[in-house]
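Report on the structure given below.
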Amino acid sequence: MDIAAICLKLGCNQTELALKLGVEKSLISMWKTGRIEVSLSRQYQIRDLLDGKEPIKKSN
């Protein structure tokens, strides 16, 4: 996934994307650099955001 393009489409930066997804900014940075891949569940959350929906969040 192209994190920069996602942020551009959502009109946010990496920190704001991390807040929207409920993850640490460092995870977004690792996705961007390719150090780790975006999990399938996170991909669905990102798609929800891009579709203007509230992403499903893990409940405790």
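The values are calculated or read from the model by the stated rules, or taken from the named source; none is laboratory data. From a predicted model like this one, the values you see are computed outputs, not experimental measurements. Cβ: placed from backbone, ideal geometry, glycine included. Neighbour counts: every protein chain shown.
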Residue count, the stretch 44-54, condition in contact (Cβ under 8 Å) with a residue 12 or more places away in the chain and either closer than 14 Å to Cys7 by Cα or touching a Lys or Arg at 6+ places or on another chain (Cβ under 7 Å) (or both), comes to 4
By residue number, the members of the stretch 16-43 that are surrounded by 13 or more Cβ atoms within 10 Å (Cβ to Cβ) and either among the hydroxyl-bearing types (Ser, Thr, Tyr) or touching a residue at least 12 places away in the same chain (Cβ under 8 Å) (or both) are Leu17, Lys20, Leu21, Val23, Ile28, Ser29, Trp31, Lys32, Val38, Arg42
Looking only at the stretch 1-19, which residues are at pLDDT 95 or above and of a type in the set (D, E, K, R)?
Lys9, Glu16
Reported set for the stretch 4-45 where residues are of a type in the set (Asp, Glu) and part of a helix (DSSP H, G or I) is Glu16
On the basis of being on the phi > 0 side of the Ramachandran plot and more than 10 Å from the chain's Cα centre (by Cα), does Gly34 make the cut?
yes
